[in-house]
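Report on the structure given below.
Each value in this text was obtained by applying a stated rule to the coordinates, not by laboratory testing. A quick note: this is a predicted structure, and the numbers were derived from the prediction, not measured. Cβ atoms come from the backbone with ideal geometry, glycine included; neighbour counts cover every protein chain shown.
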Protein chains: 2
Amino acid sequence: MTNLIQMGKDAKSASRVLATLTTEEKNAALHLIADEIEAQADFVLAENAKDIEDGRAAGLSDAILDRLLLTEQRVKALSDDTRSVANLDDPVGSVMDARVLPNGLRLSRRRIPIGVLGVIYEARPNVTIDIAALSLKTGNAAILRGGKETLRSNIALAKVIQNALEKAGLPISSVQMIDNPDRAIVPEFLRLDEYIDMIIPRGGSGLHRLCIETSTIPVITGGIGICHIFVDESADLEKAVDIVENAKVQRPSVCNALDTLLVHPAVAAEFLPQVAARLAESKVELRAAPKAFSILKNNEDVHPAGEEDFDQEWLALILGVKVVADLDEAIAHIHEHSSEHSDSILTNDFANATRFVDEINSSAVYVNASTRFTDGGQFGLGAEVAVSTQKLHARGPMGLEELTTYKWVAIGDWHVRK
Amino acid sequence: MTNLIQMGKDAKSASRVLATLTTEEKNAALHLIADEIEAQADFVLAENAKDIEDGRAAGLSDAILDRLLLTEQRVKALSDDTRSVANLDDPVGSVMDARVLPNGLRLSRRRIPIGVLGVIYEARPNVTIDIAALSLKTGNAAILRGGKETLRSNIALAKVIQNALEKAGLPISSVQMIDNPDRAIVPEFLRLDEYIDMIIPRGGSGLHRLCIETSTIPVITGGIGICHIFVDESADLEKAVDIVENAKVQRPSVCNALDTLLVHPAVAAEFLPQVAARLAESKVELRAAPKAFSILKNNEDVHPAGEEDFDQEWLALILGVKVVADLDEAIAHIHEHSSEHSDSILTNDFANATRFVDEINSSAVYVNASTRFTDGGQFGLGAEVAVSTQKLHARGPMGLEELTTYKWVAIGDWHVRK
């Protein structure tokens, strides 16, 4: 019987302890977790094997089973990753804007943990270790809700983490796993605003919408990328083909992959056949709006686009293609259809590049680069908790700093307000 | 007939224009608004007079009527305040963390407006001008929902603002007022997440709770202060009396006023009678827990505290008083009862001051100062949009910067991800 309120209380209580730890103490705990993962690898693999067996019996595809599967090598990667988190800089404790006010009050802002994080994610069991390590590093307690397909693996990994927390002398409630696979528990979880400070959904748009609709806790929404590249009249077309191919083909299943290609009419007749030929090598299906279709109609795997095709996050080898009248129409199209994740212009025109950067307010705006760079690792954040496309708190790739907040600290000399 | 969806669409469209304005253009519009307020003062006063007449007929108290009332002088203050906002620094456009990544991608974060703000507030009509000016200064569109008691005044002020926006050549939908006083419209307003990026409630705990429960838009919660002062054994008791008086009496109706006084047992017998005598001068009623009551029981206006008295934001000349065993119990009491707004320790003990600052994670944590300093103006922010007590986005007094977000801007040299 899952008692969510008790889990919330325990997490809040643990968060008070975590918030006062030094970086050295947190790193020591992370190393103990890494050691424990290695020591308990057989246990974790055995529990994962049961999940895989159930998944196979339930008819999950080989591709999905591979995502759920842990191997000796993958377990080793979990412990290695945990040690890497120990090596990252700790944002907690940094002091900002320190100053002495005119009245002598010494004021500053100090970075502190958020408190208790609630994380809901889908299949892959490595997220359990990943989120636990990032939460602990930033002094946050975490309550995790993993996918039901790897319930046993997740419970095993949480147990391993709690063993290590106990060895470190830390509250085992610092990391808790919801062990009830019933979906009905999620709305209840999302209303624990008395105990949980932030919800991070890691999954598809259905999960994000459920959190937006139901949660009384602030939610970090994002991870849905309807990404655009606009090929301007002055673009280097050869390099543009490389960038479009990279953005669409390198890893089509991720949120920063390209969804819609917009092309200036002056180069459409030359560029579209080139890019279509290159994309055909990777069997990319094109969904072309009328002008683009009239240019490409003799190519294989080119289909007329329905208007809804420009509101799709494809996550597959499919690409919407449209010839727009000019930069104005490209910007207007992006304003209407973008999920504000990652949008790029390819151009050699300085004024157009500047306008695009000024007028597109997506989380990541590019000039002459692939949208695939929107990533915590690529941006040098050292870690990636999520990619936010909302406006509050954090935008784009979220690193460790985005798992913190701040408090104002004011040191007086027996100050009263006049 | 209020069409909220159309208002949302218009606001979003206006926000695209506002986001590209220069600071000079925004300041020029603010000056036009100030001029228009002065030019239309008679109109505004006439509309306000009708609100006041209705309020008197409805039996509103003189104190409340005074809060609703506009006078020539108060209208002049509105235009003066608008010009002051023009003089503030504009946070939009500032660039953070600019760097060239190892692969040559030039990456930075640029501060941009949030987009569309939804603001719900209670009686005072000056909030209409205040929020409109701060939104415009930061390039945000705003949809306002004021209190029904000043509906005519608010509609008049919004009309004045829109006249000025038109003169400035800006979209009049940059600032819109919901003219339907029906309460049933609020839940619908709170679900316009397709168009509104942030909800700021300015009112009591009922309004905040409604927003938390109902809104699908991120909400800035706060403004509820259950504030504590702990008088430690080593405090300068004479100065401590001054600080407690200042925190409780100077302006009891605001969120940073003191609600609970915690006292170390070693000084309770000496300090409590002194502070009670001082507070009696201002007719402060004390609600004392048993130990404090036994010391103060012969004073006038001292009553035994019920346990619920320590979970009250009094907003009145009432103060909870409790003797705690030591710093540990003081911290535990604050963890349990504080709304994480403003909490202070009065001490000359360095270790205790340090522990208090480390372990209390309220929005503002004080040593040897009154809680009354938690204020945008006092903290040097130049303005105050709200006081946040939540963990995400902003904590404590919110200035102009907290009405902005950022985008990542990446300039490549035809970069593809390897």
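Expressed per residue, the C-alpha convex hull volume of region B:51-186 stands at 146 Å³.
Springs between Cα atoms under 10 Å define the GNM used for chain B, and in it the highest mean-square fluctuation of B:Arg287, B:Arg83, B:Arg109 occurs at B:Arg109. Note on region B:122-150 and region A:99-167: Cα centroid distance 38 Å, given to the nearest whole angstrom. Neighbour counts of C-beta atoms inside 10 Å place B:Lys322, B:Lys418 in the sequence B:Lys418, B:Lys322, starting with the fewest. What FRET efficiency would be calculated for the residue pair B:Thr22, B:Glu194, taking the C-beta separation as r and a Förster radius of 41 Å, to the nearest 0.05? After rounding to 0.05, the efficiency reads 0.90. Measuring between their Cα centroids, region A:1-64 and region B:188-209 lie 36 Å from each other. One quarter of the surface of the convex hull around the alpha-carbon atoms of chain A equals 24.6 nm², the direction-averaged projected area. Counting neighbouring Cβ atoms within 10 Å and putting the fewest first, the residues B:Leu346, A:Leu381 line up as A:Leu381, B:Leu346. All Cα-Cα distances of region B:27-110, cut into 10 Å bins from zero to the largest, leave 15, 27, 20, 15, 11, 8, 4, 0 percent in each bin in turn.
Cα centroids of region B:321-383 and region A:334-363: 46 Å apart.
Sorted shortest first, the distances from the A:Asp66 label point to those of the same residue in the other copies are 7.5 nm; each point sits 7 Å from Cα along Cα-to-Cβ. Which residue, A:Gly93, A:Gly59, A:Gly104, tops the fluctuation ranking in a GNM of chain A built on C-alpha contacts under 10 Å? In the Gaussian network model the winner is A:Gly104.
Each residue of region A:401-418 was assigned a 3J(HN,Hα) from its phi angle through the Karplus curve 6.51 cos²θ - 1.76 cosθ + 1.60 (θ = phi - 60°); the sequence is 4, 6, 9, 10, 10, 9, 10, 7, 10, 10, 9, x, 10, 6, 7, 10, 7, 7 Hz, with glycine and proline shown as x. Computed from backbone phi with θ = phi - 60° and the Karplus coefficients 6.51, -1.76 and 1.60, the 3J(HN,Hα) list for region B:304-320 is x, 7, x, 4, 5, 5, 8, 10, 10, 8, 5, 6, 7, 7, 9, 9, x Hz; x is used for glycine and proline. Amide H contacts of A:His303: A:Leu286, A:Arg287, A:Ala288, each under 5 Å away and 5 or more positions distant or on a separate chain (H built 1.01 Å from N in the peptide plane; Pro and chain starts excluded).
The other copies place their B:Ala266 label points at 8.1 nm from this one, listed shortest first, where each point is 7 Å from Cα along Cα→Cβ.
Close amide H contacts of B:His415 (hydrogens built in the peptide plane, cut-off under 5 Å, sequence separation of 5 or more or a different chain): A:Ala369, A:Ser370. Between the beta carbons of B:Ser13 and B:Glu308, assuming R0 = 45 Å, the FRET efficiency works out to 0.40 to the nearest 0.05.
Between this copy and the others, label points of B:Asn299 are 8.2 nm apart in ascending order, each placed 7 angstrom from Cα in the Cβ direction. The relative contact order of chain B, computed from alpha carbon pairs under 8 Å that lie at least 6 residues apart in sequence, is 17 percent. The A:Asp66 and B:Ala98 beta-carbon pair, evaluated with R₀ = 35 Å, returns a calculated FRET efficiency of approximately 0.30. Sketch the reach of a paramagnetic label on A:Lys167 as a point 7 Å from Cα along Cα-to-Cβ, and name the residues of region A:13-28 whose backbone nitrogen lies under 14 Å away. Label zone hits: A:28.
Over region B:227-375, the fraction of Cα-Cα pairs per 10 Å bin, rounded to whole percents and listed from the shortest bin up, is 13, 49, 35, 3.
Computed extension gain for A:Asn348 through A:Val254, at 0.36 nm per residue and net of the alpha carbon distance, reaches 31.0 nm. When chain A is turned onto chain B, its residue with the beta carbon nearest the axis, and that distance in whole angstrom, is A:His393, 2. Largest first, the three principal axis extents of the alpha carbons in the protein assembly as shown are 96, 74, 45 Å in whole numbers. Taking amide H atoms as placed 1.01 Å from N in the peptide plane, the amide H of B:His393 lies under 5 Å from those of A:His393, each 5 or more residues away in sequence or on another chain. A simple count of charges around B:Asp182, restricted to other residues whose Cβ falls under 15 Å of its Cβ and scoring Lys, Arg +1 and Asp, Glu -1, yields 0. Using θ = phi - 60° in the Karplus curve 6.51 cos²θ - 1.76 cosθ + 1.60, the 3J(HN,Hα) couplings for region A:255-266 round to 6, 8, 6, 6, 10, 9, 10, 10, 10, 5, x, 5 Hz; x is entered for Gly and Pro. Each residue in B:His228, B:His208 was given a count of other beta-carbon atoms within 10 angstrom of its own, and listing them fewest first yields B:His208, B:His228.
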